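**Student:** Before I ask anything, let me first share the structure, which is written out below as structure tokens.
The values are calculated or read from the model by the stated rules, or taken from the named source; none is laboratory data. Remember, it's a predicted structure, so these values are computed and weren't measured experimentally. All Cβ positions, even for glycine, are placed from backbone atoms using ideal geometry, and neighbour counts span all protein chains on display.
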Amino acid sequence: MTLADQSVATGNMLFRWRGFIPLCFIAILIPAFQGFRYPHDSRAEYMVFWGICVGISCIGVILRAYTVGYAAKGTSGRNTKEGQIAETLNTTGIYSIVRNPLYLGNFIIMLGQIILLRSVWCVLVYMLSFWLYYERIIMAEESFLTKKFGAAYEAYTRFTPAFLPKLSLWKKTALSYSVKFMIRKECHGLFVMILIFSILGMACDDVATKSFVVAHVWVWIAGISTLVYVLINLATKKMLHDVR
């Protein structure tokens, strides 16, 4: 097996577990907690910084929500853990300016969480780990799409960047936006993001103050996000039941 074939095989394996493995990136944060301090020793400044980091991650959430809402049936945007799906090739909308908008969204979401630790080396390790991990998955997907669509996909890759969007290439999509599908697909990821930010906030408080007292703000954030998540899931299930 050539190195290219081995990378594709590894990518296919990672693809099946792509919903869980990225959470391992959080392990990068553990060493960064040592010696953590509030900016200028001010918890108020830290809470502002925490909000900025959440805002960064929300950019990734919005990018994913936009991409998923416009994902047509039978395109790679609707891949499942069982395998890749690509009955049609989507080259318009967000896919006209970047080939992997969902992975770009993932990168931004986790970047906001990593930045929260205020560690340059932690950010650099994260970027390297992310690239090594997703490079394999992208290679596997591109191998599949090349076999499926041949010259059409190769022509698409010649002009459209893999990860850094090129806005000048924008082509309006004729697809309609599905709010229901977006909520069903992205609700869980948003909940996990908020939960991780709450846990990181509590951990940073504990390290900075050298105590293990949980501030009420983290309990409220975690509690409200859990309640909203449960209600949205129940509403989504009801909508699906009504459709049937």
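**Student:** Would you pick out the residues in the range 60-89 that are more than 14 Å from Ile109 (Cα to Cα), touching an Asp or Glu at 6+ places or on another chain (Cβ under 8 Å) and modelled with pLDDT of 90 or more?
**Tutor:** Val68
**Student:** Kindly list the number of the only condition in (1) at pLDDT 90 or above; (2) under 25 Å from the mean Cα position of the chain (by Cα); (3) loosely packed, with under 13 Cβ neighbours inside 10 Å that fails for Ala162.
**Tutor:** It fails just one condition, (3).
**Student:** What is the residue count in the range 205-225 for residues that are in contact with a Lys or Arg (Cβ under 9 Å, 6 or more places away or on another chain) and modelled with pLDDT of 90 or more?
**Tutor:** Adding up the residues that qualify gives 0.
**Student:** Restricting to the range 181-222, and then to whatever is closer than 24 Å to Gly60 by Cβ and not hydrophobic (A, V, I, L, M, F, W, C), can you tell me which residue is surrounded by the fewest Cβ atoms within 10 Å (Cβ to Cβ)?
**Tutor:** Let us first name the residues in the range 181-222 that are closer than 24 Å to Gly60 by Cβ, namely 181-204, 217-218, 220-222.
Restricting the remaining residues to those that are not hydrophobic (A, V, I, L, M, F, W, C) gives 184-186, 188-189, 198, 201.
Details: Arg184: 17, Lys185: 19, Glu186: 18, His188: 13, Gly189: 18, Ser198: 21, Gly201: 22.
Checking each candidate, the answer is His188.
**Student:** Would you check which residues across the range 127-159 are assigned to a helix (DSSP H, G or I), over 19 Å from the mean Cα position of the chain (by Cα) and either on the phi > 0 side of the Ramachandran plot or basic (Lys, Arg) (or both) and list them?
**Tutor:** Scanning the range 127-159 gives Lys147, Lys148, Arg158.
**Student:** Right, another one. Among (1) in a loop (DSSP other than H, G, I, E, B); (2) polar (S, T, N, Q); (3) closer than 30 Å to Val207 by Cβ, which single condition is Ser176 missing?
**Tutor:** (3)
**Student:** Any chance you could count how many residues in the range 27-45 are out of contact with any helix residue (DSSP H, G or I) (no Cβ under 6 Å at 6 or more places or on another chain) and assigned to a helix (DSSP H, G or I)?
**Tutor:** Qualifying residue count, the range 27-45: 8.
**Student:** If you check Ser57, Ser42, Ser7, Ser96, which single one turns out to be at pLDDT below 75 and polar (S, T, N, Q)? Break it down into steps so the answer makes sense when it comes.
**Tutor:** Details: Ser57 fails: at pLDDT below 75; Ser42 fails: at pLDDT below 75; Ser96 fails: at pLDDT below 75.
Matching residue, one of Ser57, Ser42, Ser7, Ser96: Ser7.
**Student:** Kindly list, by first and then second residue, each pair from a residue in the range 140-151 that is free of Cβ contacts under 8 Å to residues at least 40 places away in the same chain to a residue that is surrounded by 15 or more Cβ atoms within 10 Å (Cβ to Cβ), limited to pairs with Cβ atoms under 7 Å and residues at least 6 apart or on different chains.
**Tutor:** Cβ pairs passing all conditions: Thr146/Tyr153.
**Student:** Can you tell which of Glu142, Glu154, Glu186 is acidic (Asp, Glu), under 30 Å from Phe33 (Cβ atoms) and out of contact with any His (no Cβ under 9 Å at 6 or more places or on another chain)?
**Tutor:** On the way: Glu142 fails: under 30 Å from Phe33 (Cβ atoms); Glu154 fails: under 30 Å from Phe33 (Cβ atoms).
Glu186 is the lone residue from the list that is acidic (Asp, Glu), under 30 Å from Phe33 (Cβ atoms) and out of contact with any His (no Cβ under 9 Å at 6 or more places or on another chain).
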